[in-house]
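Scroll down for the structure; my scribbles are underneath it.
The values are calculated or read from the model by the stated rules, or taken from the named source; none is laboratory data. The shown structure was predicted, so the numbers you read here are calculated from the model rather than taken from an experiment. Don't worry about glycine lacking a Cβ; one is built from the backbone with ideal geometry, like all the others, and counts go over all protein chains shown. Accessible surface areas use protein heavy atoms only, side chains included; no ligands, DNA or RNA. Shrake-Rupley method; radii C 1.70, N 1.55, O 1.52, S 1.80 Å.
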Amino acid sequence: MSAPPDTAPESDATSTAPGTGVAPESPHSCEPSSGPPDGSRGEAPPPYEARPLRITWRKLTLLPSLLVVVLLSTWFWFRHAELDAISANALANGQVWLALRQHIALTAVSTFFVLVIAVPLGVLLTRRRFRAATPFVRAVANAGQATPAIGLLALLVIWLGIGRTAALIGMIAYAVLPVLSNTMAGLRANDPTLLEAARGIGMSPAEVLTRVELPLAVPLILAGVRTALVLNVGTATLAAFGGGGGLGVLITTGITNQRMPVLVLGSILTVALALLVDWLASLAEVLLRPRGLEEGP
């Protein structure tokens, strides 16, 4: 009777190969190891990478530096310009600072009322029960901006009389459309699945509006506010024709009296103020945007 075939025990899998003194590779040796090859516990995970700055140094310093250079150059030229009695009288007794303060006040007050009117109205027009009024409201807002600003101001002066009230109403009517249109566009662009998910977790309509819809629409709303601000700075120069004051007083004085120093000073201050307001609005547009809506990592 023949001997049974030799069977190697399982422990022989770790025995040395004959003549080499080296243990053969285990059948599981090609599997990746869960730890590092040197047997150490491994390095700590890399630290959390901070988000890049929302506002770069170039955006923060380039335009203000340019404005400072322009204003200093204007001041240097103005100090050495020859002023006759009419020009000196137009710029004496703090008239420049008074006109600048009036211009800033007109811009700020008109923009405030634009926000108070346009943002709630845009929210209402995106609700189901008020959608039927959208064509009428948009037609009125379009008419306010399509009408030439100087003609609209003249009509308001005839109706309300000379003063700041007529200028403010004209500026508000001229700047409502960008904020209204962007508010409606931002709310309508929201993903319906997100709104359904918010309702599904038990949010009330007011909570869906304030915690989901409006935060998602913030970038477009801020873009409309930025446009309205720049429009108001430019339109405020026409307030001088209706007795509203502002830097337009210097411009009209320089034109009617043919005094170049007065005209140049009023024009440069208006342009500088418009650029400064646009720069501040661009910073607010970046800082007020929700973190989750930022582009990039």
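Criterion applied to Gly292, Gly242 was being open to solvent by 40 Å² or more (accessible area, probe 1.4 Å), at pLDDT below 90 and either within 17 Å of the chain's Cα centre (by Cα) or not charged (D, E, K, R) (or both), and the one residue passing it is Gly292.
Only one entry in Ala198, Ala189, Ala236 is over 21 Å from Ser110 (Cα atoms) and open to solvent by less than 20 Å² (accessible area, probe 1.4 Å), namely Ala198.
Conditions (1) open to solvent by less than 30 Å² (accessible area, probe 1.4 Å); (2) under 14 Å from the mean Cα position of the chain (by Cα), marked per residue:
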| position | (1), (2) |
| --- | --- |
| Leu216 | no, yes |
| Gly246 | yes, no |
| Ile268 | no, no |
| Leu275 | no, no |
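Residues of the stretch 129-170 that are open to solvent by 50 Å² or more (accessible area, probe 1.4 Å), hydrophobic (A, V, I, L, M, F, W, C) and either farther than 29 Å from Thr252 by Cβ or not in a helix (DSSP H, G or I) (or both): Phe130, Ala132, Phe136, Ala139, Val140, Ile162. On the stretch given as the stretch 78-106, residues that are in contact (Cβ under 8 Å) with a residue 60 or more places away in the chain and in a helix (DSSP H, G or I) total 14.
Restricting the first member to the stretch 148-160 and to residues that are touching a residue at least 60 places away in the same chain (Cβ under 8 Å), and the second to residues that are open to solvent by 30 Å² or more (accessible area, probe 1.4 Å) and assigned to a loop (DSSP other than H, G, I, E, B), the beta-carbon pairs closer than 8 Å and six or more apart or on different chains are Val157/Gly243. Of all residues in the stretch 248-266, exactly one satisfies the criterion of being under 17 Å from Ile104 (Cα atoms) and open to solvent by 50 Å² or more (accessible area, probe 1.4 Å), namely Val249.
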